[in-house]
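Each remark here refers to the structure printed beneath this line.
The values are calculated or read from the model by the stated rules, or taken from the named source; none is laboratory data. Nothing here was measured: the structure is a model prediction, and the numbers come from that model. Every residue, glycine as well, gets a Cβ built from its backbone with ideal geometry; the counts of neighbours run over all protein chains shown. These area figures cover heavy atoms from the full protein model, side chains too; ligands, DNA and RNA do not enter into them. Shrake-Rupley method; radii C 1.70, N 1.55, O 1.52, S 1.80 Å.
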Amino acid sequence: GGNPVQINQLRGIDTAGSITIQGEGTATTNLQQGLCKSWIDFKGTSTAATNDSFNVSSLTDVDTGKFTVNFSNAMSSGDYTICGSAFYSQGGGFNDTMVVSRDTTQTQTAAASPFYLYRLSSSVAIADAQEAHILYHGDLA
(Lines give C-alpha, C1' and ligand atoms only; values in the text may rest on other atoms or scores of the structure.)
Protein backbone atom coordinates (compact mmCIF):
# COMPACT_ATOMS: atom_id res chain seq x y z
CA GLY A 1 0.00 0.00 0.00
CA GLY A 2 1.81 3.04 -1.25
CA ASN A 3 0.19 6.36 -1.92
CA PRO A 4 -1.83 6.69 -5.15
CA VAL A 5 -0.51 8.94 -7.91
CA GLN A 6 -2.47 12.19 -7.93
CA ILE A 7 -2.42 14.54 -10.92
CA ASN A 8 -4.35 17.56 -12.17
CA GLN A 9 -3.32 17.48 -15.82
CA LEU A 10 -1.79 15.10 -18.36
CA ARG A 11 0.17 16.42 -21.34
CA GLY A 12 1.71 14.47 -24.18
CA ILE A 13 5.49 14.70 -24.50
CA ASP A 14 5.62 15.08 -28.30
CA THR A 15 2.25 16.79 -28.77
CA ALA A 16 0.68 18.54 -25.78
CA GLY A 17 -2.92 17.79 -26.84
CA SER A 18 -2.39 14.17 -27.80
CA ILE A 19 -1.71 11.23 -25.48
CA THR A 20 -1.33 7.76 -26.94
CA ILE A 21 -2.05 4.89 -24.57
CA GLN A 22 -1.78 1.12 -24.84
CA GLY A 23 -5.07 -0.42 -25.89
CA GLU A 24 -6.04 -4.07 -26.04
CA GLY A 25 -3.33 -6.43 -27.30
CA THR A 26 -0.64 -4.51 -29.18
CA ALA A 27 -2.87 -1.70 -30.46
CA THR A 28 -2.54 1.86 -29.19
CA THR A 29 -5.28 4.47 -28.98
CA ASN A 30 -5.46 8.24 -28.60
CA LEU A 31 -6.85 9.23 -25.20
CA GLN A 32 -8.49 12.51 -26.29
CA GLN A 33 -10.10 11.00 -29.40
CA GLY A 34 -11.74 8.24 -27.38
CA LEU A 35 -13.40 10.42 -24.75
CA CYS A 36 -17.10 11.29 -24.82
CA LYS A 37 -17.14 15.07 -25.32
CA SER A 38 -20.75 15.68 -24.25
CA TRP A 39 -23.78 13.76 -23.00
CA ILE A 40 -27.28 14.43 -21.76
CA ASP A 41 -30.04 12.51 -19.97
CA PHE A 42 -33.36 14.33 -20.36
CA LYS A 43 -37.14 14.06 -20.11
CA GLY A 44 -38.75 15.01 -23.41
CA THR A 45 -42.47 14.90 -22.55
CA SER A 46 -44.58 17.85 -21.35
CA THR A 47 -41.94 20.45 -20.50
CA ALA A 48 -38.57 19.06 -21.59
CA ALA A 49 -36.07 19.00 -18.73
CA THR A 50 -32.46 17.93 -18.31
CA ASN A 51 -31.94 15.24 -15.66
CA ASP A 52 -28.14 15.31 -15.87
CA SER A 53 -25.54 16.30 -18.45
CA PHE A 54 -21.91 17.04 -19.27
CA ASN A 55 -20.74 19.91 -21.52
CA VAL A 56 -24.34 21.01 -22.17
CA SER A 57 -25.41 24.63 -21.71
CA SER A 58 -29.07 24.05 -22.53
CA LEU A 59 -31.66 21.83 -24.19
CA THR A 60 -34.10 23.36 -26.69
CA ASP A 61 -37.47 21.69 -27.29
CA VAL A 62 -37.97 22.65 -30.96
CA ASP A 63 -41.19 20.71 -31.68
CA THR A 64 -42.74 17.30 -31.03
CA GLY A 65 -39.85 14.83 -31.07
CA LYS A 66 -37.36 17.51 -32.14
CA PHE A 67 -34.70 18.81 -29.77
CA THR A 68 -31.41 20.68 -29.89
CA VAL A 69 -28.58 20.20 -27.41
CA ASN A 70 -26.47 23.34 -27.04
CA PHE A 71 -22.88 22.72 -25.95
CA SER A 72 -21.06 24.65 -23.21
CA ASN A 73 -17.77 24.09 -25.05
CA ALA A 74 -18.23 23.86 -28.81
CA MET A 75 -16.98 21.10 -31.05
CA SER A 76 -14.37 22.06 -33.67
CA SER A 77 -16.94 21.68 -36.48
CA GLY A 78 -20.30 20.11 -37.25
CA ASP A 79 -18.54 16.82 -38.05
CA TYR A 80 -19.06 14.87 -34.83
CA THR A 81 -21.02 11.74 -34.02
CA ILE A 82 -24.31 11.51 -32.16
CA CYS A 83 -25.76 8.33 -30.72
CA GLY A 84 -28.20 7.49 -28.01
CA SER A 85 -31.24 5.69 -26.81
CA ALA A 86 -34.71 6.74 -25.78
CA PHE A 87 -38.07 5.27 -24.89
CA TYR A 88 -41.64 6.30 -25.50
CA SER A 89 -44.21 5.77 -22.77
CA GLN A 90 -47.89 5.35 -23.51
CA GLY A 91 -50.35 4.67 -20.71
CA GLY A 92 -47.61 4.54 -18.09
CA GLY A 93 -45.69 1.63 -19.65
CA PHE A 94 -42.34 1.77 -21.40
CA ASN A 95 -43.50 -0.11 -24.44
CA ASP A 96 -41.65 1.51 -27.37
CA THR A 97 -38.01 2.15 -28.01
CA MET A 98 -36.95 5.11 -30.11
CA VAL A 99 -34.24 5.94 -32.65
CA VAL A 100 -32.11 9.09 -32.44
CA SER A 101 -31.48 10.77 -35.80
CA ARG A 102 -29.91 14.05 -36.89
CA ASP A 103 -32.50 16.64 -37.84
CA THR A 104 -32.02 17.21 -41.57
CA THR A 105 -34.10 20.40 -41.51
CA GLN A 106 -31.58 22.11 -39.21
CA THR A 107 -27.82 22.38 -39.58
CA GLN A 108 -25.67 20.57 -37.06
CA THR A 109 -23.03 23.09 -35.98
CA ALA A 110 -19.98 23.16 -33.72
CA ALA A 111 -22.12 24.74 -31.00
CA ALA A 112 -25.36 22.75 -31.27
CA SER A 113 -26.83 19.38 -32.24
CA PRO A 114 -30.40 19.24 -33.60
CA PHE A 115 -32.00 15.78 -33.64
CA TYR A 116 -35.26 13.84 -34.00
CA LEU A 117 -36.59 11.05 -31.81
CA TYR A 118 -38.44 8.44 -33.88
CA ARG A 119 -40.87 6.13 -32.07
CA LEU A 120 -40.46 2.59 -33.34
CA SER A 121 -44.04 1.54 -33.88
CA SER A 122 -46.28 0.68 -36.79
CA SER A 123 -46.38 4.38 -37.70
CA VAL A 124 -42.66 5.15 -37.06
CA ALA A 125 -43.76 8.59 -35.88
CA ILE A 126 -41.64 11.41 -34.52
CA ALA A 127 -42.57 11.70 -30.84
CA ASP A 128 -41.42 13.11 -27.52
CA ALA A 129 -39.42 10.68 -25.40
CA GLN A 130 -40.24 9.87 -21.81
CA GLU A 131 -36.47 9.76 -21.29
CA ALA A 132 -33.54 10.07 -23.71
CA HIS A 133 -29.78 9.57 -23.39
CA ILE A 134 -27.57 11.19 -26.05
CA LEU A 135 -23.77 10.91 -26.45
CA TYR A 136 -21.38 12.99 -28.56
CA HIS A 137 -17.91 12.04 -29.79
CA GLY A 138 -15.60 14.19 -31.90
CA ASP A 139 -13.10 17.02 -31.56
CA LEU A 140 -13.64 19.97 -29.23
CA ALA A 141 -12.71 23.43 -30.52
Count of residues meeting criterion [outside any strand (DSSP E or B) and surrounded by 14 or more Cβ atoms within 10 Å (Cβ to Cβ)] in the stretch 32-41: 2
Test result for Thr15, of a type in the set (Ser, Thr, Tyr), at pLDDT below 90, out of contact with any strand residue (DSSP E or B) (no Cβ under 9 Å at 6 or more places or on another chain) and open to solvent by 70 Å² or more (accessible area, probe 1.4 Å): yes
Residue check for Gly2: open to solvent by less than 80 Å² (accessible area, probe 1.4 Å) and on the phi > 0 side of the Ramachandran plot: no
Identity of the residue in the stretch 104-141, under 16 Å from the mean Cα position of the chain (by Cα) and of a type in the set (Ser, Thr, Tyr), that ends up farthest from Cys83 (Cα to Cα): Thr109
